[in-house]
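Asker: This structure is in structure tokens; I'll ask about it shortly.
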Amino acid sequence: MPAVAETLDTVQSVTEGTYKWGFSTDIEMDFAPKGLNEDIVRFISAKKNEPQWLLDWRLKAYATWLKMDEPTWPSVKYPKIDFQDAYYYAAPKVKSGPKSLDEVDPELLKTYAKLGIPLKEQAILAGVEGAGDSPSEGGRMPIAVDAVFDSVSVATSYKARLAKDGIIFCAISEAVHEYPELVRQYLGSVVPQGDNYYAALNSAVFTDGSFVYIPKGVRCPMELSTYFRINAKSTGQFERTLIIADEGAVVSYLEGCTAPMRDENQLHAAVVELVAMDDAQIKYSTVQNWYPGDAEGRGGIYNFVTKRAQCRGARSKVSWTQVETGSAITWKYPSCVLLGDDSVGEFYSVAITNNHQQADTGTKMIHVGKRTTSTIVSKGISAGKGQNTYRGLVRVAPSASGARNHTQCDSLLIGDQCGAHTVPYIENRNMTAKVEHEATTSRIAEDQLFYCRQRGLSEEDAVGLIVNGFCREVLKELPMEFAVEAQKLLQISLEGSVG
Amino acid sequence: MLKIEGLTAEVEGKPILKGIDLEVPDGEIHAIMGPNGSGKSTLSYVLAGRDGYEVTGGTAHFNGVDLLGLEPEERAAIGVFLAFQYPVELPGVGNANFLRTALNAQRRARGEGELDAMQFLKAARARLKELQMSEEMLKRGVNVGFSGGEKKRNEVLQMALLRPKLAILDETDSGLDIDALKIVADGVNALRAPEFSSLVITHYQRLLDYIVPDRVHVLMAGRIVKSGGPELAKELEATGYASVQAAA
């Protein structure tokens, strides 16, 4: 079938030399020596002028990590990682902590310009001082950006506006100094140091990330947003994010990621912890388009992430939405531990694998409280030689009377060299719980493509339209502004229209 | 004007069209009738450019343009529209979004300005009203969960919006009740204009009571074996294809 063959060609021509964000910024770096040992952990802690308790916490994590084995259960293949062959600390040199954008390296701002951040956010970034006064502009919800450049958070906007409501949104390294009680109370309380191999590594060497605290009864007046970017050559990026929504608090957090092109694989092992108290709601949205490697599978980011939420309070709700189009390997299971009675966990996911990309992603929903409910909607798209695995766990504890789960897991295949795999685990220990699982696998049919083309759409547009239709249930969960970007990204990842 | 000369085509190595000669002048509607397996659908797919329908000889020109050298979407942009015998479902794709994307893709290809959401909606509502269809039609997924009749109506709605210069209707009447049949016919008749022509492919004479063709051609075993005026259709209805076959 020539049409299908052409689609394959198109799909396969996507990445090499076409990765839109493949540039690197020349900023003087401040490196720790290569390799990983106790001294490096101490170096990082010292660089950040951390209190003793945090250094001890890191060292404990490092000692735990040493005793652990790299997990081999995900269905992904990659050469063994040499953890001694990477830098664990790289910070852009800044005189002191930047107090305004004027103090931010102009090179860095140029980088954000190239990233396309300026479309909305840089306007906001540029107007840090005045912009925070009005809660909305042009009817749109404003977005506060905490930009993470390699390892150090360099620009945070809207702080003043948020502070009015008592909201804390800052770099976690800053929070360690400004709000030590909060950080000490919650850090590692959702994902303990020894949780898994990469979480332990992260706990030992995490460099920066975001910290959010929404006080009781406060509805955050804007979307909070972080742009991550991996820039230094061979630098592992170990983000640590902690979000706490106190009783009745409501917050929506957006995480967007792009990384410049690199030949070597770069390890990214982030940890994200969310805590929701009584009646609190956290919506966490991710659009991830890190460098996926070239058409032959060289390079690309290893994205080994631990994301977990605890719904501690009654009627609390956490919703994860992710659109994963980048990275050579994705290993990621944003999860919800539903402790509070009537708490709600949601997971909406789109994962695309193209060329040699591999994704093993899904979620864990742990039902502990009574009448807890969870919803899982996963859309996996495989093209080229991509391998896409959904791995999910729904566990209902004996205490979770009346718990409910619904899982829907759909796979779409483009071409005949890719793979889709579904690995759902269900453990139900309560007779009153209801757990449902639905799964489908389909292809973009030749007749669908022809139908679209007969109406005037190019083959690329047709694939984009069909894929977006396939992902609709997930995309509609994204905040409006993000949804538009995500739709474009789906098109870009599959159609070679980059640059 | 559509001009087909000596067209031969095969599917999976099997010859289906064995030398078609056909001219449809501007402003005319021609019917192609024939028994199952005579090559009617193959002819429509070959003209629209579907993969797997291999042209092995002959030519097809539309207003002087070599159709066979164009991609399907390029044929659409110069005004070729195929109403499908089995319209395809596109799950999750809204009908309005699909129609606007298609319309704007064609307009772009022709160097015309694109319609924004409001302009499109206005145009779509006007067509819906003419066709006596509900606005619900726009909100649903493309053909998803549509009954057979609704799918055919949706084809007519698309045709009305895209305003083709050559509409090929591939057994659009199959499976339709009389009311739906009238809607399809009204849709085609509404497009009648000096610069519009249509090829109505049908198994039965029934549709031709509502869309009165200028010419009727009988396709059998990959060849046009008989041509005539609208009365030929009535004749076939009375005597069946066997009589034509015997005569041919």
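Asker: How many Cβ atoms of partner chains, on average, are near each residue of B:98-104 if near means within 10 Å of its Cβ?
Answerer: On the way: counts 6, 1, 0, 8, 9, 2, 3.
The per-residue average across the peptide is 4.
Asker: Hey, any idea what Rg/Rh is for the range B:2-247, computing Rh the Kirkwood way over Cα pairs? Intermediate results must be reported in sequence, preceding the final value.
Answerer: On the way: Rg = 17.8 Å, Rh = 18.5 Å.
Expressed as Rg/Rh, it is 0.96.
Asker: While we're looking at this one, here's another question. Calculated FRET efficiency, A:Lys216 and B:Ser134, Cβ-Cβ r, R0 60 Å, to nearest 0.05?
Answerer: Working: r = 49 Å, r/R0 = 0.81.
Computed FRET efficiency for A:Lys216 and B:Ser134: 0.80.
Asker: Once both labels are modelled 7 Å past Cα along the beta-carbon direction, what's the B:Asp26-A:Gln84 spacing in nm?
Answerer: Inter-label distance under the simple model: 8.2 nm.
Asker: For a quick check: sort A:Ile352, A:Ile426, A:Ile167 by the number of other beta carbons within 10 angstrom, fewest at the front. Please report the intermediate quantities before stating the final value.
Answerer: On the way: A:Ile352 28, A:Ile426 14, A:Ile167 23.
Result, fewest neighbours first: A:Ile426, A:Ile167, A:Ile352.
Asker: Using θ = phi - 60° and the Karplus curve 6.51 cos²θ - 1.76 cosθ + 1.60, what whole-Hz ³J(HN,Hα) does each residue of the range A:378-392 get, with Gly and Pro shown as x?
Answerer: Running phi through 6.51 cos²θ - 1.76 cosθ + 1.60 with θ = phi - 60° gives 10, 10, x, 10, 10, 9, x, 9, x, 10, 10, 10, 9, 10, x Hz.
Asker: Near the amide H of A:Val350, under 5 Å away, which other amide H atoms are found, from residues 5 or more places off or on another chain, if H is placed in the peptide plane?
Answerer: A:Gln322, A:Val323, A:Glu324, A:Lys379
Asker: Non-local amide H neighbours of B:Gly141 (under 5 Å, H modeled in plane, Pro and chain starts lacking H): which ones?
Answerer: So B:Gly141 has HN proximity to B:Asn95.
Asker: Neighbour counts of other C-beta atoms within 10 Å: give me A:Lys488, A:Lys364, B:Lys152 arranged from fewest to most. Please report the intermediate quantities before stating the final value.
Answerer: Working: A:Lys488 14, A:Lys364 20, B:Lys152 28.
By the 10 Å Cβ count, ascending, the order reads A:Lys488, A:Lys364, B:Lys152.
Asker: On to the next question. Starting from the Cα of B:Val55, step 7 Å along the direction of its Cβ; do the same at B:Lys234; then give the gap between the two resulting points in nm.
Answerer: 3.7
Asker: Fewest to most neighbouring Cβ within 10 Å: what's the order for B:Met220, A:Met222, A:Met68? Walk me through the numbers on the way to the answer.
Answerer: Details: B:Met220 18, A:Met222 21, A:Met68 15.
Least to most surrounded, the residues fall as A:Met68, B:Met220, A:Met222.
Asker: Ok, one more. Under the Karplus relation 6.51 cos²θ - 1.76 cosθ + 1.60, θ = phi - 60°, what is the ordered set of whole-Hz ³J(HN,Hα) values for the range A:287-301, x standing for Gly and Pro?
Answerer: 10, 10, 10, 5, 3, x, x, 8, 5, 8, x, 8, x, x, 8
Asker: Something else about it: Starting from the amide H of A:Asn405, placed 1.01 Å from N in the peptide plane, find each other amide H under 5 Å away whose residue is 5 or more places distant or on another chain.
Answerer: Amide H neighbours of A:Asn405: A:Ser374, A:Lys434, A:Val435, A:Glu436.
Asker: Shielding of B:51-62 by partners, i.e. mean partner chain Cβ atoms within 10 Å per residue? Can you show the working numbers first?
Answerer: Details: counts 10, 5, 0, 0, 0, 0, 0, 0, 0, 0, 0, 0.
Mean inter-chain Cβ contacts per residue within 10 Å come to 1.
Asker: Which entries in A:Lys67/A:Lys283; B:Lys18/B:Lys182; A:Lys283/B:Lys122; A:Lys60/A:Lys476; A:Lys164/B:Lys139; A:Lys60/A:Lys80 show an alpha-carbon gap greater than 32 Å?
Answerer: Distance filter (> 32 Å) returns A:Lys67/A:Lys283; B:Lys18/B:Lys182; A:Lys283/B:Lys122; A:Lys60/A:Lys476; A:Lys164/B:Lys139.
Asker: Which whole-Hz ³J(HN,Hα) couplings does the range B:189-206 yield from phi under the Karplus relation 6.51 cos²θ - 1.76 cosθ + 1.60, θ = phi - 60°, glycine and proline marked x?
Answerer: Values per residue, Gly and Pro as x: 4, 5, 8, 3, 6, x, 9, 10, 9, 8, 10, 9, 9, 8, 8, 10, 6, 2 Hz.
Laboratory data are not the source of any read-out in this text; all were calculated from the coordinates shown. If you're wondering where the values come from, they're calculated on a predicted model, not measured in any experiment. No Cβ is skipped: glycine too gets one built from the backbone with ideal geometry, and neighbour counts run over all protein chains shown.
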